[in-house]
Each structure stands twice: as C-alpha cells, then as structure tokens.
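Visitor: Before we start, here is the structure in question, set down as structure tokens.
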C-alpha cells in the first residue's frame, strides 16, 4: 500500500513538473511562430499537427487495452504474462509505424491541394515531413515501453524524459527562429530532439524489467481488442474534428485563432491532468485486487478534486482568456483574435472535456471498453456533424458548439454508467456536485464582473488575474467548506503533515 502511494506521489509531482514545463513552452513557442512566420503558417502547423495525429487511429486503441491487460500480471509479478503482452504490443506498433509511412505518402499528395491557395506544394510537403519524423520513433520503439511504465505506476520515468526534451526543444527552436532560419528547420530540429524519448525509455525498461523478448506474442493476452479499436477511432474523430472541419470548410487564419484559444484551455486541462497522474494505474491495481471499498473512497476524493480544480481554473479562464489572448497576440494584425463568444463557449467545452476525461479514467482502469463503445461513437458523430452544420453559419463558434454538445452528452452518460456498473454510487452524488460547480461559477462570475482589462500588457493582465484568482479561491473555499468540509479537512491535514515534515 505504501509503495502504491509513494508511486502516486512521485507520478503526481513529476506530472505537475512536466505539465508546467509543457504549459510554458506551449505558450512561448506559438508567440514566436506568430511573430516570425505569421498567423497562416501558425494555422498550417496546427492543421498539419492535427492531420498527423490521425495516424493514432492506426494503433486501433490497442494502447489503452494493452495497459488494462498489464495491470493484473504486474500486480501478481507474472513476468511471463507481461512478456507475452509486451512482445505482442511491439509487433503491433511496428506495423503501425509502417502504416504511418504509407499515410504520410498519401498525405503528401492530398494535403497540399487543400491549402494550395495559401502555400506552395514544396513548402507544405517539406514542413509535413519535418514534423513527422519523431512519430516514427514513437511507434517503432517507444510506445510499448511507455504503456508498460504507465501500467506499472512508473509514469515518472517518461515524464522526466519528456520534460527535459520539451525544454531542449524550446531552446533550440527559439534559437533557430531568432537567427532567421526556415520553419522547416525548426520543426526538423524538434523531431530529432523528440527521437531521444523512445530511446531512453527503451534503455530504462531493458535495465529494470525482466522481459523475455523471445516470448510468444499472445493476442489472447490482450482482451477487448475490437472494443478498444472502436473506442479509439471514436475518440480520435472527436478530438480532431474541430481543426479538420475548419481546415476543410473555413480558413487557416481561423485555424490559427482556434489553436491559440485552445492553447490556453488545453494548458489548463494539462494542469488538471497532471494532478491526476498515476490515478489510472492505482485504480487499475485496486480493481485487479478486488479492493472495491478502497476504490470508492479514493474515487470520492478524486472526483471532488477534479470538479473543484476545473471549476476554479476554467472560471478564471472565462474571465481572463480574451484579454490574455489580445495581449499575447499584440502586434499580430493578420487575423482578428478578439472573439469573446467563441472564447466562452470553447472554455465551457474544455471544462466539460476535462471532467469527462477525469471520469473516463475509472472506465479505462476497469477495462470497460466494449460496454461504453456505443456512447463513444455517438460523441464523435455529434461533434463532427454539429461542427460541420454550424461552421458555415457561425464559423469558429460553430465548431465550439459541436464540441460542447458532444462532450456534455458523454459526460452525462459516464455519470450514469459509473453509478450502474463500476462504482455503484447514487446518481444524486454527481448531480449534487454539478449543482455546486454551477453555483460556484455563478458566484465567481458575479464577484469578478467588474474586471475589464482594456490595456493589453502582461503587467496589467497579471495584476487583474491575481485579483480574480484570489476572489475565486475565497468563493470556492467558502462554498466547499459548506458542502464538502470533510474533503477540505482531509486536504488541509495532508498539507499540514507535508509542511511539518519539511
């Protein structure tokens, strides 16, 4: 038990460090891309990134299923079973690597036609190939070992490696941009630095695990493969629909605007996700050992934490995101980044998405892929269809509405499913939490409605952000003390122990 908690703490700490590094880099680099290459190139990069991410469809969801299959043999110390799963995964992902090559070749001929009015074929193709190199390393070498480390509650290994490469990449990219080199050279350098990730993970696994690489690859050791495929395809369509729809039916400038606003909300999502690093493996271990009572108690605190943190950070985002973006893009005049209605809707959509991701952790830990596949398909269909219908009339706002509707649907479904099939909790627990979230957002909005930032400088924004953050914290503490005093006492008790030990 102590080992499990220690791993959880280490994963959480490294998760926060990595996400903070990623958050800072993700804010700094796009500003440089906008400054040195313009909104259209920034939109092109975002668009290519999303189209390249469609290759994740080819892994057929096997990654998530492999992780679920590893929990039990790792808990029992069954090296033979672990080896058969790892060998199967390695062979499968090598095939995915070859599919990636074929996909890039097809994209080389098709994608430049989509953006031919904005960029030459040579410019687009060279940029695309420069960006895809690191993905080859991921599928040929790294992804199997990443799944093994995550399932064994050793996410901290890859998180440390990722944090180092993220910082090295940012330094190298900024150096190259400042010295006037091409965007292709920037992205090629990034890809080569990121190739170090799978190499180091491979070395760690070779040293610390007893993997028999000559073991028979047993596909039967990885159950629910078909359901994992359906879940994964549905999620990839859901996740990438917005940028694909904007690329096909709107403009690259709108893709750039979308990517900058999503950059903020995705950064907040990453921050919340960092706090939950390690919970998936811990819940999976509890389920594998049949510790239902511990699972429910742990999930109660986990769910409250996700909702409370999401309410805090996304309430602040709703108040501060537009002036931040206008400060961030000051001097960039080739696109209109002042889109408050889109900002509010995409913020709500990402708040729902972050809560949805938090609940899906327990579904993945339990391996309930087949049982939830229809709802995942419906979520993807909703996002894609509503976005396409609304993008012609509402543009950016249309795709944001599609994401919000689809995510809300799946979140409501998750609450029902967890209550009925995994945690056996009363649905009223979720409804009560949502009502408290809504109350908190309304009170925070009322208390901060007077904040209007019209001078776009980081100093002015920071002072107002600090005031809003303090107000939101006081509101949340007061409301949660009234409704969830036990959870707050537990949290303050843990903080006191930490400080005392220090």
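The values are calculated or read from the model by the stated rules, or taken from the named source; none is laboratory data. Just so it is clear, the model here is predicted, and its values are computed rather than measured. When we count neighbours, we look across all protein chains shown, and the Cβ atoms used for this are built from the backbone with ideal geometry, even at glycine.
Visitor: Among 380, 406, which is assigned by TED's automatic domain parsing to the domain that holds residue 351, under 22 Å from residue 364 (Cα atoms) and at pLDDT 90 or above?
Guide: 406
Visitor: Would you call residue 398 crowded, with 23+ Cβ neighbours inside 10 Å, over 19 Å from the mean Cα position of the chain (by Cα) and in the same structural domain as residue 339 (by TED's automatic domain parsing)?
Guide: It is true that residue 398 is crowded, with 23+ Cβ neighbours inside 10 Å, over 19 Å from the mean Cα position of the chain (by Cα) and in the same structural domain as residue 339 (by TED's automatic domain parsing).
Visitor: Whether any residue in the stretch 280-302 is closer than 30 Å to residue 461 by Cα, part of a helix (DSSP H, G or I) and either modelled with pLDDT under 85 or out of contact with any helix residue (DSSP H, G or I) (no Cβ under 7 Å at 6 or more places or on another chain) (or both) is what I want to check.
Guide: No, because not a single residue in the stretch 280-302 is closer than 30 Å to residue 461 by Cα, part of a helix (DSSP H, G or I) and either modelled with pLDDT under 85 or out of contact with any helix residue (DSSP H, G or I) (no Cβ under 7 Å at 6 or more places or on another chain) (or both).
Each row is one residue, and each column tells you yes or no for (1) under 21 Å from residue 20 (Cα atoms); (2) assigned to a helix (DSSP H, G or I).
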| site | (1), (2) |
| --- | --- |
| 158 | yes, yes |
| 165 | yes, yes |
| 168 | yes, yes |
| 171 | yes, yes |
| 174 | yes, yes |
| 177 | no, yes |
| 180 | no, no |
| 189 | no, yes |
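Visitor: Separate question: I'm trying to understand the selection: among the residues of the stretch 323-334, which are assigned to a loop (DSSP other than H, G, I, E, B) and either touching a residue at least 24 places away in the same chain (Cβ under 8 Å) or buried (at least 16 other Cβ atoms within 10 Å of the Cβ) (or both)?
Guide: 329, 330, 331, 332, 334
Visitor: Look at residue 66 and say whether it is modelled with pLDDT of 80 or more, more than 22 Å from residue 40 (Cα to Cα) and crowded, with 22+ Cβ neighbours inside 10 Å.
Guide: Criteria not met by residue 66.
Visitor: Next up: Only one residue in 451, 467 is at pLDDT below 90, surrounded by 12 or more Cβ atoms within 10 Å (Cβ to Cβ) and either more than 27 Å from the chain's Cα centre (by Cα) or farther than 17 Å from residue 300 by Cα (or both), so which one is that?
Guide: Just one listed residue meets the conditions, 451.
Visitor: What's the total number of residues in the stretch 425-453 that are free of Cβ contacts under 8 Å to residues at least 40 places away in the same chain and in a loop (DSSP other than H, G, I, E, B)?
Guide: The total comes to 4.
Visitor: Can you find even one residue in the stretch 116-123 that is surrounded by fewer than 20 Cβ atoms within 10 Å (Cβ to Cβ), at pLDDT 80 or above and under 21 Å from the mean Cα position of the chain (by Cα)?
Guide: There is no residue in the stretch 116-123 that is surrounded by fewer than 20 Cβ atoms within 10 Å (Cβ to Cβ), at pLDDT 80 or above and under 21 Å from the mean Cα position of the chain (by Cα).
Visitor: So which residues in the stretch 335-380 are without any contact (Cβ under 8 Å) to a residue 24 or more places away in the chain and in a helix (DSSP H, G or I)?
Guide: 340, 374
Quick grid of which residues meet (1) farther than 21 Å from residue 37 by Cβ; (2) at pLDDT 80 or above:
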{"residue": "129", "(1), (2)": "no, yes"}
{"residue": "138", "(1), (2)": "yes, no"}
{"residue": "141", "(1), (2)": "yes, no"}
{"residue": "156", "(1), (2)": "yes, yes"}
{"residue": "159", "(1), (2)": "yes, yes"}
{"residue": "162", "(1), (2)": "yes, yes"}
{"residue": "175", "(1), (2)": "no, yes"}
